[in-house]
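As structure tokens, the structure follows; a few thoughts come after it.
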Amino acid sequence: MLAPIDGLTGPQFRSVLAVGVFFAGIVFGYLVGRVNKRLLYAMDVDDAVEGTTVERLARRAGSTTVELVAKFTSWVVYVVAALVALDVAQFSVRNPLWYPFLSYLPSVVLAAGVLMAGVLVGDKAELYVSERLRSVKLPSLSVVPLAVKYTILLVAGLVALSQLGVAVNALLVVLFLYVGAVVLFTLVATRQLLTSAAAGVYLLLRQPYGIGDRVAIGDHEGIVQEVDVFVTHVEAEDREYVVPNHLVFKRGVVLVRE
């Protein structure tokens, strides 16, 4: 009566069961990857990551961000299936070679996800800030998008390291110093921006010149094409000048009568 039970617990049966568990995990991991890929495309993630650093790196590797994320989730399932199969075969995952890895795996996956999200959000934030500042031709503001990007990356890196159990107390001090430096630089860099905004409000309210007028602002002379809060667009015969409004007050403006 005990022979069938012994057969179900014998090494041969455990080996066969382990193989079955492993191949079932392979199939399940493949399906998880396929489902994740379709979900990511359905959520327009491919469009959201277009132009980011992650997408450029993925393209260089002959793939896409969506495909890499889908493959990553599949491989996580593959690794878990392999470890479970080893445990079924009584190659215990509590062995020093396997148990630390298995217990560390969720943290590694979460840290990788945080880093990828940080890179994507950082790139998108850089693009967004660059778009907002594109019409403001102030050289000191050109580094603001990069500062925003690297601030997000630094925060994501600290969160990822904390997930891996790394002490980040010293790094938090560095983060606070960095954020303080960024805030100070932003205040200094935007001083001219705020001055231009105040001058732009005055120009829009008083309208000393308008679209179509020929003006001379310092060394720049041409036809006014646009006046907004921050800059004045002046077009000459073969070029267009974008003059910050604070320079209009500093250099003065001359209406040219033809």
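Taking amide hydrogens as placed 1.01 Å from N in the peptide plane, the amide H of D213 sits under 5 Å from those of V224, each at least 5 positions away in sequence or on another chain. Based on protein heavy atoms only, segment 193-255 ends up with 58 Å² per residue of surface accessible to a 1.4 Å probe. Of the solvent-accessible surface of segment 193-255, computed with a 1.4 Å probe over protein heavy atoms with every protein chain present, carbon and sulfur atoms account for 51 percent. Computed over neighbours whose Cβ is under 12 Å from that of L40, the net charge equals 0, Lys and Arg +1, Asp and Glu -1. For segment 199-212, the Karplus equation 6.51 cos²θ - 1.76 cosθ + 1.60, evaluated at θ = phi - 60°, returns couplings of 5, x, 4, 4, 5, 5, 7, 8, 6, x, 8, x, 5, x Hz by residue, with Gly and Pro reported as x. Applying 0.36 nm per residue to the separation of V182 and V159 and subtracting their alpha-carbon distance, the gain on full extension is 6.3 nm. In summary, segment 186-250 shows an alpha-carbon radius of gyration equal to 1.09 times the 2.2 N^0.38 Å reference for compact globular proteins. Looking at segment 203-253, the trypsin sites (Lys or Arg not before Pro) that sit in a DSSP loop and have at most 15 other Cβ atoms within 10 Å of their own Cβ are R239.
Extension gain for A42-L57 works out to 3.2 nm (0.36 nm per residue, less the C-alpha to C-alpha distance).
For GluC sites (Glu not before Pro), the sites in segment 196-248 that DSSP calls loop and that have at most 15 other Cβ atoms within 10 Å are E237.
The values are calculated or read from the model by the stated rules, or taken from the named source; none is laboratory data. No experiment lies behind these values; they were computed from the predicted model shown. As a convention, Cβ positions derive from the backbone with ideal geometry for all residues, glycine included, and neighbour counts pool all protein chains shown. Note: accessible area is taken over every heavy atom of the protein model, side chains too, but ligands, DNA and RNA are not part of it. Shrake-Rupley method; radii C 1.70, N 1.55, O 1.52, S 1.80 Å.
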